[in-house]
Amino acid sequence: MPHREQRSLSRRRLLQLTGTTTLGALAGCAGQLPGTDDGGGREVSPRPTVTAEPDTSVSLTAASGTIRPTPDTSTTNWMYEGQFPGPELRVQEGDVLSVELTNDLQEETTIHWHGVPVPNPVDGVPNVTQDPIASGNTFTYTFRAEPAGTYFYHSHVGLQLDRGLLGPLIVEEREPHVEYDREYVVVVDDYLPGEPKLPSDGGRGGGMGGRGGMMGDVRPPYEGLLINGRLPENPQTFDVTEGERVRFRFVNASSATVFGVRIAGHEMTVTHTDGRPVEPVDADSFVFGAGERYDVVVEATNPGRWFVQADALDGNEPPARAAVEYESTGGSGTPQTPSSSSNRLQYGDLRALSSLDGVSDDPDRTFDLTLSRGRGEYVWTIDGQTYPDADPLNIRPGEHVRIRMTNQSPVVHPMHLHGHFFQVGNAVKDTVIVPGHRGQVTIDFHADNPGRWLFHCHNLYHLDAGMARVVRYVE
Ligand code: C2O
Ligand code: CU
C-alpha cells in the first residue's frame, strides 16, 4: 500500500473530523481547493492544461508482470505495458503528447513527468496536483513536450518507483548543438525484487539501522544494478561503427543509488545535464544521483568491445554494465572494463548554453533549508519538518527565488524541484546532489509556473520518510 499517501489521507480525514487547522495541517492537507486563503495569501491558479489536438497519443497500462533481469532469473514487478523499463516515449520538441494511463494495479497510482515543466494539474503528484488514480481507473495526461531533453516518467505514489514503474521520455531537439550519428538511451537502476518497504515498516534496512549509526543511512536489499533492466551477467549490446559519433542518454532512474559512470576505452563529451544543453566538456567519468540525467557523445575511434559501467558509490553490488561493440569485432571476446577515472566531471565544469531568465539579479525571496535525519525513527527532514506535516514554501509569481540548502547528515541528497529548472553555478538543472557532512548547494529559479510543486529528495526512501516540501504560488 502507498503508506505515505495513506497516512496523509487518514490524517486529513481526522483533521476534517476534528476541525483542527494548523500550518502543518494545511501543508499535509494538500487536497484543499486552490484559492483558499490560509494566511499565506490566495493561491495562484496554474497554467491551463493543453487543449490542442495531440501530436502523439500513447496508452500506458500499469500492471504487475514478470521481468527477467537475466535469462534464468525472473521476478514479479510492476510495469508499464509489461515492459521494464517502461516503453520509451519519444516526441519532437513542442509536440503535444497525450498519455492515457490505465491503472491495473491493486492500488492507487499516478505518473510524474520528471523534469518537464508541465502545467501543474498534469504533474502527477497525488493529493497535491491530482487525486490518485484508483485501481481500475484511467487518467489522461496531456502536455506540450518542451523544452527538448532527456527525461523520464515514473509513478509518484509511495515506493512504486522502486517496484519498476518508470520509463524514459525523450524530447528530441529540432536542432541539436552537437552532431551525432546514432544514439542509445541508458537507464541505470537499482534492482529490488519484491515489495519495497521503509526501514520503519519492516524493510530489511530496519535491522541494519544500528550499523549506520543514528545519523547514517540504510540501503534497501538490492540484488544488483541494472542497465536497461538487465543485470551485468546479461549486458545489453550497443552496436557502433568505427568513426561514428554516438550519443548516450543516461538516466539515473534508481530509487536510492548514486552512480559513477565510465565507458571503457573512450572519453566522453558531456553535452547535456538534466536535458539542458551545456558547452561540450570532456570527462572520463561522471557521478549522478537518483533523478539526474547526462547526455554524452563518444567518438568511436577505438575498435573492440568495451563495457559501459555504472558503479554504486554507496553500495557494494557489482556494477551495472552494458557493452559497446564495434561492428568490426564480430561479437567475440570479453568486453574490457574501464580503468580508474582521472578526469571526473564536476558540477563546476558545466556551463549551460543559455542561462535561465529571471534569476540574474538579487533574489526576491530566499529560503535557507537544513537537510537532516530525524532522531530515533526512520525520518528525514527539511528544516526539522517531516512532509506532509510541513509548511509550504510560499512564493509569488515572477519572483527570483533562491533556495540555500545545508546538509547536516552524512549522506548525499539528490534534491529535485518539480515544474521548474534552476540555476546551480553555471548549469541549469532540475535535480542536484547536496553532498553530506555540511555540504551546501544554492539553487535559483524563476517563479514562472504557478501551482503547487513538490521539492524533495529523490532518494525515494528519504522522500517517503518526509524529505519534501510543497512550493506554493500565492498572490
Ligand atoms: Cu522524479 Cu518528485 O520526482
Ligand atoms: Cu535524501
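The values are calculated or read from the model by the stated rules, or taken from the named source; none is laboratory data. Note that this is a predicted model, so its numbers are computed, not measured. Methodologically, a virtual Cβ is constructed for each residue, glycine included, from the backbone with ideal geometry; neighbour enumeration extends over all protein chains shown. Each accessible area value is taken on the protein alone, full model and side chains, heavy atoms only, with ligands, DNA and RNA left out. Shrake-Rupley method; radii C 1.70, N 1.55, O 1.52, S 1.80 Å.
Please give the calculated 222 nm ellipticity per residue for the chain, where each DSSP H segment of at least 4 residues contributes -39500 (n - 2.57) and the sum is spread over every residue; nearest 500 deg cm²/dmol?
Working: 4 runs with 32 residues, N = 475.
Computed ellipticity for the chain at 222 nm equals -2000 deg cm²/dmol.
List, in order, the whole-Hz ³J(HN,Hα) value for each residue of the range 112-124 obtained from phi through the Karplus relation with A = 6.51, B = -1.76, C = 1.60 and θ = phi - 60°; use x for Gly and Pro.
10, 9, 4, x, 7, x, 6, x, 3, x, 10, 7, x
Stretch V178-S74 to full length: gain in nm at 0.36 nm per residue minus the Cα-Cα span? Mind dumping the intermediate values first?
Values: separation 104, 0.36 × 104 = 37.44 nm, distance 3.96 nm.
Answer, rounded to one decimal: 33.5 nm.
Could you work out what % of the accessible surface of the chain is carbon and sulfur, using a 1.4 angstrom probe and leaving DNA, RNA and ligands out of the count?
Within the chain, the accessible surface is 44 percent carbon and sulfur.
Could you state the angle between the C-alpha long axis of helix 3-18 and the longest principal axis of the C-alpha atoms of the chain, as a value from 0 to 90 degrees rounded to the nearest 10?
10 degrees
Arranged from highest to lowest average of other beta-carbon atoms within 10 Å per residue, in what order do the peptides 333-345, 145-157 appear?
Values: 333-345: 14.0, 145-157: 24.2.
Going by the mean number of other Cβ atoms within 10 Å, highest first, we get 145-157, 333-345.
Could you give the length gained by full extension between V58 and A134, i.e. 0.36 nm per residue of separation minus their alpha carbon distance, to one decimal place?
Working: separation 76, 0.36 × 76 = 27.36 nm, distance 1.97 nm.
Residue separation times 0.36 nm, minus the Cα-Cα distance, leaves 25.4 nm.
Calculate, for the range 182-349, the solvent-accessible area per residue in square angstrom, rolling a 1.4 angstrom probe over the heavy atoms of the protein chains. Walk me through the numbers on the way to the answer.
On the way: 6240 Å² over 168 residues.
Using a 1.4 Å probe on heavy atoms only, each residue of the range 182-349 averages 37 Å².
Which ³J(HN,Hα) values in Hz, rounded to whole numbers, follow from the phi angles of the range 220-235 under the Karplus curve 6.51 cos²θ - 1.76 cosθ + 1.60, where θ = phi - 60° and Gly and Pro get x?
Here the 3J(HN,Hα) series is x, x, 5, 9, x, 10, 10, 10, 6, x, 10, 6, x, 5, 9, x Hz.
Taking the DSSP beta bridges in the chain as the whole, what percent of them are antiparallel, to the nearest 5? Intermediate values should be presented prior to the final figure.
Values: 90 of 125 bridges.
Of all bridge pairs located within the chain, approximately 70 percent are antiparallel.
Report, for the range 378-475, the % of DSSP beta bridges that are antiparallel, rounded to 5.
Working: 26 of 29 bridges.
DSSP beta bridges in the range 378-475 are roughly 90 percent antiparallel.
Non-local amide H neighbours of R351 (under 5 Å, H modeled in plane, Pro and chain starts lacking H): which ones?
Result for R351 returns E279.
Given axes a ≥ b ≥ c from the Cα gyration tensor, I'd like to know whether the range 56-172 is rounded (a/c under 1.5), prolate (a/b larger than b/c) or oblate.
Numbers: a/c = 2.01, a/b = 1.30, b/c = 1.54.
Verdict is oblate for the range 56-172.
Relative contact order for the range 47-192: what percent, with Cα pairs under 8 Å and sequence separation of 6 or more? All intermediate terms of the calculation are to be shown ahead of the outcome.
Numbers: 332 pairs, mean separation 39.7, N = 146.
In percent, rounded to a whole number, it is 27.
In whole Hz and in residue order, list the ³J(HN,Hα) couplings for the range 48-63 that follow from phi through the Karplus curve 6.51 cos²θ - 1.76 cosθ + 1.60, θ = phi - 60°; x for Gly and Pro.
Taking θ as phi minus 60°, the curve returns x, 6, 6, 10, 4, 4, x, 7, 9, 10, 10, 10, 10, 10, 8, 7 Hz for the range 48-63.
Counting heavy atoms of the protein chains only and a 1.4 Å probe, report the per residue accessible area for the range 56-172 as a whole number of Å².
Numbers: 3480 Å² over 117 residues.
On a per-residue basis, 30 Å².
Roughly how far apart, in whole Å, are the Cα centres of the range 225-240 and the range 316-353?
One Cα centre to the other: 12 Å.
Ordered by packing density, taken as the mean number of other Cβ atoms within 10 Å over each peptide's residues, highest first, how do 447-457, 303-313 rank?
Details: 447-457: 23.4, 303-313: 21.4.
Taking the mean over residues of other Cβ atoms within 10 Å, the ranking is 447-457, 303-313.
Order the peptides 289-296, 388-395 from the highest to the lowest mean number of other Cβ atoms within 10 Å of their residues. It would help to have the intermediate numbers written out before the result.
On the way: 289-296: 27.0, 388-395: 19.9.
Descending packing order for the listed peptides: 289-296, 388-395.
Between R365 and D104, what is the FRET efficiency for a Förster distance of 35 Å, r being their Cβ-Cβ separation, to the nearest 0.05? Provide the component values of the computation, followed by the final result.
Working: r = 43 Å, r/R0 = 1.23.
In this case the efficiency is close to 0.20.
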